[in-house]
Amino acid sequence: MTPPDPPETLPATASRPARAEVAAPARLHFGFLDLNYGLGRKFVGLGMAVSGPVTRIVLERAARTEAVGPDSDRARHHLESLIARHGASSAFRLVVEEALPAHCGLGSGTQLALAVASAFAALEQPGLTPEAIARSLGRAERSAIGIASFLSGGVILDGGRGPATEVPPVLSRLPFPPAWRVILIFDHGLEGVHGEAERQAFATLPPFPPEVSAELCRLVLVRALPALAEADFVGFASVIGTLQGRVGDHFAPAQGGGRFASPMVTEVLGILAAEGLEGIGQTSWGPTGFALVPDADSAERLAHALRARFKERSALEIRVVAGRNTGATIRAA
């Protein structure tokens with residue numbers, strides 16, 4: 001007689017939960033402040049967590065290990081790396097319910113890795129920290145904004161890497177005012193620079209002149225962060241616009257010659273600039289663009305107009321999101 005198939009999932013034991021759910025936020029990277037490197041640190045930067053889109057996964061004990069859903073191959077690779085490094089008391093079924101689009105500037109790789117590893121830690125290794133996870137999975141090679149977004153959300157000033165840095169330190173974390181909004185502009189027909197092309201860009205582009213680094217550091221420290229703390233929208237947005245201009249022009253040779261990677265996103269940002277918005281730009285290597293808006297009504301009005309104007313552009317998506325001032329949610333049972 002053929003025995004029945006094993007159950008798809010296994011129950012919790014007295015000491016270990018059976019299921020963990022993690023929802024991790026997207027992050028925006030506004031740019032690096034000191035690409036001169038003359039003071040011995042690299043990749044000091046500014047960014048923030050946003051309310052959407054998200055990476056959402058479920059990890060359950062099972063009779064055999066499998067992964068399903070969007071970006072499940074990459075998720076399974078992370079899971080198998082964790083099992084090989086730390087061991088496990090069972091196999092697992094990993095369900096990726098939602099995944100950030102890859103290579104669009106929202107930190108999809110880091111958020112997926114941290115989500116999988118945090119779910120694994122909740123079931124198997126409660127003492128495993130996100131910093132240790134990042135090291136073991138090769139995340140935060142340049143920026144800690146993704147890790148800080150996962151941990152706490154908010155607007156993050158990342159201290160970059162020094163000669164002995166393992167995970168870049170967070171120098172400042174401030175809440176994004178709840179009334180403010182961000183318009184995200186997606187070009188689903190394009191991917192941002194990544195992988196070997198990204199490594200080559202950092203290796204070959206010249207450093208910032210020291211006066212540009214000095215200007216950006218002063219603007220962020222003396223204007224942007226105090227404006228954020230006081231909910232001064234114009235003060236904060238104007239610095240983000242300046243930072244984007246300097247960084248976008250610096251990286252233009254590596255992303256097709258323009259300040260922003262996507263011509264379609266560039267067109268939309270030009271319209272928003274003509275509406276008087278200063279805090280516009282591209283997150284990381286893009287192609288996703290963003291625009292800071294002082295209130296929800298204005299953001300929805302602008303987004304509605306843009307959707308109507310570009311309704312024939314099937315690759316273009318306009319989304320209004322808020323800042324996210326909390327980190328990932330992790331539930332185990």
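Here is a check on your reading of the model: is Ala203 assigned to a helix (DSSP H, G or I) and modelled with pLDDT under 95? So Ala203 fits the description; yes.
Only a single item in (1) buried (at least 18 other Cβ atoms within 10 Å of the Cβ); (2) in contact (Cβ under 8 Å) with a residue 60 or more places away in the chain; (3) β-branched (Val, Ile, Thr) is not met by Thr266, and it is number (2).
Looking only at region 88-100, which residues are farther than 23 Å from Arg135 by Cα and not hydroxyl-bearing (Ser, Thr, Tyr)? Within region 88-100, Ala91, Arg93, Val95, Glu97, Glu98 meet the criteria. Restricting attention to region 217-253, the residues that are of a type in the set (A, V, I, L, M), over 20 Å from Pro175 (Cβ atoms) and surrounded by fewer than 18 Cβ atoms within 10 Å (Cβ to Cβ) add up to 1. For Leu100, the stated conditions hold: it is hydrophobic (A, V, I, L, M, F, W, C), part of a loop (DSSP other than H, G, I, E, B) and closer than 24 Å to Phe186 by Cα.
Within region 297-308, residues that are over 11 Å from Val268 (Cβ atoms) have Cβ atoms under 7 Å from residues that are surrounded by 14 or more Cβ atoms within 10 Å (Cβ to Cβ) and modelled with pLDDT of 95 or more in these pairs: Ala299/Arg181; Ala299/Ile183; Ala299/Val293; Ala299/Val320; Glu300/Val320, counting only partners at least 6 apart in sequence or on another chain.
Per-residue answers, yes or no, for (1) touching a Leu at 6+ places or on another chain (Cβ under 8 Å); (2) of a type in the set (S, T, N, Q); (3) in the same structural domain as Val54 (by the TED database):
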{"residue": "Glu97", "(1), (2), (3)": "no, no, yes"}
{"residue": "Pro101", "(1), (2), (3)": "no, no, yes"}
{"residue": "Gly107", "(1), (2), (3)": "yes, no, yes"}
{"residue": "Gln111", "(1), (2), (3)": "yes, yes, yes"}
{"residue": "Ala115", "(1), (2), (3)": "no, no, yes"}
{"residue": "Ala119", "(1), (2), (3)": "yes, no, yes"}
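Annotation note: of Arg85, Arg64, the sole residue that is part of a loop (DSSP other than H, G, I, E, B), more than 20 Å from the chain's Cα centre (by Cα) and more than 15 Å from Ala122 (Cβ to Cβ) is Arg64. Can you tell me which of (1) surrounded by 15 or more Cβ atoms within 10 Å (Cβ to Cβ); (2) assigned by the TED database to the domain that holds Leu100; (3) without any contact (Cβ under 8 Å) to a residue 60 or more places away in the chain is the one Gly160 doesn't meet? Unmet condition: (3). Pairs linking a residue in region 57-85 that is free of Cβ contacts under 8 Å to residues at least 40 places away in the same chain to a residue that is assigned to a loop (DSSP other than H, G, I, E, B) and acidic (Asp, Glu), with Cβ atoms under 9 Å and 6 or more positions apart or on different chains, are Ile83/Glu124. Of everything listed in (1) over 14 Å from Pro25 (Cα atoms); (2) surrounded by fewer than 20 Cβ atoms within 10 Å (Cβ to Cβ); (3) not hydrophobic (A, V, I, L, M, F, W, C), the single unmet condition for Ser143 is (2). Screening Asn325 with (1) of a type outside the set (Val, Ile, Thr); (2) more than 30 Å from Ala18 (Cα to Cα); (3) under 18 Å from the mean Cα position of the chain (by Cα) gives one miss only, at (2). Would you say Glu166 is in a loop (DSSP other than H, G, I, E, B), surrounded by fewer than 18 Cβ atoms within 10 Å (Cβ to Cβ), assigned by the TED database to the domain that holds Gly40 and out of contact with any His (no Cβ under 6 Å at 6 or more places or on another chain)? Criteria met by Glu166. The set of residues in region 163-198 being in contact (Cβ under 8 Å) with a residue 24 or more places away in the chain and among the charged types (D, E, K, R) consists of Glu166, Arg173, Arg181, Asp187, Glu191, Glu198. Summed over region 171-216, residues that are acidic (Asp, Glu) and either surrounded by 15 or more Cβ atoms within 10 Å (Cβ to Cβ) or not assigned by the TED database to the domain that holds Gln244 (or both) total 4. Going through region 24-45 one residue at a time, which ones are assigned to a strand (DSSP E or B) and in contact with a His (Cβ under 8 Å, 6 or more places away or on another chain)? The answer is Gly45, and nothing else.
The residues on offer are Ser108, Ser152, and the sole one that is surrounded by fewer than 21 Cβ atoms within 10 Å (Cβ to Cβ), within 28 Å of Ile240 (Cα to Cα), at pLDDT 95 or above and among the polar types (S, T, N, Q) is Ser152. For region 107-125, the criterion of being in contact (Cβ under 8 Å) with a residue 40 or more places away in the chain, in a loop (DSSP other than H, G, I, E, B) and closer than 24 Å to Trp285 by Cβ is satisfied by at least one residue.
The values are calculated or read from the model by the stated rules, or taken from the named source; none is laboratory data. Please read these numbers as outputs of a predicted model, since none were measured by experiment. Note that we place each Cβ from the backbone using ideal geometry, even for glycine, and neighbour counts take in every protein chain shown.
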